[in-house]
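Engineer: So that we are looking at the same thing, I have put the structure below in structure tokens.
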Protein chains: 2
Amino acid sequence: MQETDPRPTITGQHRELLDQLLDKWSLHVLDQLCEHGALRFNELRRAIPAITQKSLTAALRRLERNGMVERIVVSDRPIAVEYRIAPVGQGLQDLIDALLLWTTAHLPEVERARERFDAVAG
Amino acid sequence: MQETDPRPTITGQHRELLDQLLDKWSLHVLDQLCEHGALRFNELRRAIPAITQKSLTAALRRLERNGMVERIVVSDRPIAVEYRIAPVGQGLQDLIDALLLWTTAHLPEVERARERFDAVAG
DNA sequence: CCGCATCCTGCACGATACTG
DNA sequence: CAGTATCGTGCAGGATGCGG
């Protein structure tokens, strides 16, 4: 008989959610929001220069829909909107940090592996 | 003055690597290899029914190139190949497990967030 | 200031057929 | 058994322009 399995096997639900959370830009957005606490739309744009406004909108909407980010209308005329990390998003951020840390630590090793592979493959 | 920053800010290198490691199928492949230790090509196909053989080949090559997976030719005629997790891949697996665990734990919460969002948005 | 609508392009992935 | 080759396609994401 087996106890609580520490390794849940991946399912479609996992993939779907992770796809929405680890997509090209959500990482950057979460990263920035976590670092600065709360940011306006155009502050985010400036903080992530490479992002287009369409992609930023999409990422924010997706994150908001999944409950990771809160969208707060501060005022209108001129309209001002603030985005901040929702509580559940904090936990995710820890995981993302772990991924970033791991990546940073192992990048050199990965580089060497690539060189070895490419040398053989040509 | 600030000490060693525990939150490395995301860079292009991070994204590039994570893109290759967290793509649609690599997660499944790593998952299976970690669970069974070593698997043959067609064993992997059967273990991940939804994957096409082209995608499996691509995922394996990418993981191999990045040093996450080792490809071992066991015999030829008939040719037999074994794939197994490389040491550095183990650490990654721990992170992926954490992601899966987190996802599992928070899926209900995310579901509710989505329903709330969709109710408002229509 | 904060977006949405539209058009366009590349690329990931699937389907299918073939080979050592 | 373990792949390669080729073709077709959906969709994420860039560029650009407009609107409350």
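Every read-out reported here was derived from the displayed coordinates using simple, explicitly stated rules and does not represent laboratory data. Being a predicted model, the structure only gives us computed values, none of them experimental. Don't worry about glycine lacking a Cβ; one is built from the backbone with ideal geometry, like all the others, and counts go over all protein chains shown.
Engineer: Check the axis relating chain A to chain B and name the residue of A whose C-beta is nearest, distance in whole Å.
Structural biologist: Taking Cβ atoms only, the nearest residue and its distance are A:LEU22, 3.
Engineer: How high is the relative contact order of chain A, in percent, counting Cα pairs under 8 Å that sit 6 or more residues apart?
Structural biologist: Computed over chain A, the figure is 22 percent.
Engineer: Per-residue Cβ counts within 10 Å, from other chains only, averaged over B:92-99: what number is that?
Structural biologist: Mean partner-chain Cβ count within 10 Å for B:92-99: 5.
Engineer: Using a label point 7 angstrom from Cα along Cα-to-C-beta, what distances in nm, from shortest up, separate A:THR57 from the other copies?
Structural biologist: Result, one decimal in nm: 4.1.
Engineer: Applying the Karplus parametrisation 6.51 cos²θ - 1.76 cosθ + 1.60 with θ = phi - 60° to the phi angles of region B:39-44, what ³J(HN,Hα) value in whole Hz is obtained for each residue in order, glycine and proline being reported as x?
Structural biologist: Running phi through 6.51 cos²θ - 1.76 cosθ + 1.60 with θ = phi - 60° gives 9, 7, 3, 6, 5, 4 Hz.
Engineer: If you don't mind, another one. Near the amide H of A:ASN66, under 5 Å away, which other amide H atoms are found, from residues 5 or more places off or on another chain, if H is placed in the peptide plane?
Structural biologist: Here the answer is none, since no amide H 5 or more places off falls under 5 Å of that of A:ASN66.
Engineer: Cut-off 10 angstrom, C-alpha nodes, Gaussian network model of chain A. Which of A:THR11, A:THR57, A:THR103 fluctuates the most?
Structural biologist: In this elastic network of chain A, the residue with the biggest mean-square fluctuation among A:THR11, A:THR57, A:THR103 is A:THR11.
Engineer: For chain A, set up a GNM with springs between Cα atoms under 10 Å and report which of A:LEU60, A:LEU44, A:LEU100 has the largest fluctuation.
Structural biologist: Of the options given, A:LEU100 has the highest mean-square fluctuation.
Engineer: Taking each residue of B:49-62 in turn, how many C-beta atoms of other protein chains fall within 10 Å of its C-beta, and what is the average?
Structural biologist: 0
Engineer: Multiply the residue separation of B:GLU35 and B:ALA47 by 0.36 nm, subtract the distance between their alpha-carbon atoms, and state the gained length in nm to one decimal. Don't skip to the end; give the middle numbers.
Structural biologist: Details: separation 12, 0.36 × 12 = 4.32 nm, distance 1.09 nm.
Once the chain is fully extended between B:GLU35 and B:ALA47, it gains 3.2 nm.
Engineer: Just counting partner chain Cβ atoms within 10 Å, what average do the residues of peptide B:108-116 show around their Cβ? Could you put the intermediate results ahead of the total?
Structural biologist: Details: counts 0, 5, 10, 4, 1, 7, 5, 1, 2.
Mean shielding by partner chains, rounded to a whole number: 4.
Engineer: For region B:50-114 and region A:66-122, compute the distance between their C-alpha centroids and round to whole Å.
Structural biologist: So the two Cα centres are separated by 20 Å.
Engineer: Would you please put A:88-97, A:21-30, B:110-119 in order of how densely packed they are, using the mean number of other Cβ atoms within 10 angstrom per residue and starting with the highest? Mind dumping the intermediate values first?
Structural biologist: On the way: A:88-97: 17.8, A:21-30: 20.5, B:110-119: 13.4.
My ranking of the peptides, most packed first, is A:21-30, A:88-97, B:110-119.
Engineer: Explain nothing, just the number: dipole magnitude of the protein assembly as shown about its Cα centre with +1 on each Lys and Arg Cβ and -1 on each Asp and Glu Cβ, in debye rounded to the nearest 20.
Structural biologist: Details: 32 positive and 36 negative charges, 192 e Å.
Taking the Cα centre of the protein assembly as shown as origin, the dipole is about 920 debye.
Engineer: Can you bin chain B into rounded, prolate or oblate? Criterion: square roots of the alpha carbon gyration tensor eigenvalues sorted a ≥ b ≥ c, rounded for a/c under 1.5, prolate for a/b above b/c, oblate for the rest.
Structural biologist: Cα axes put chain B in the oblate bin.
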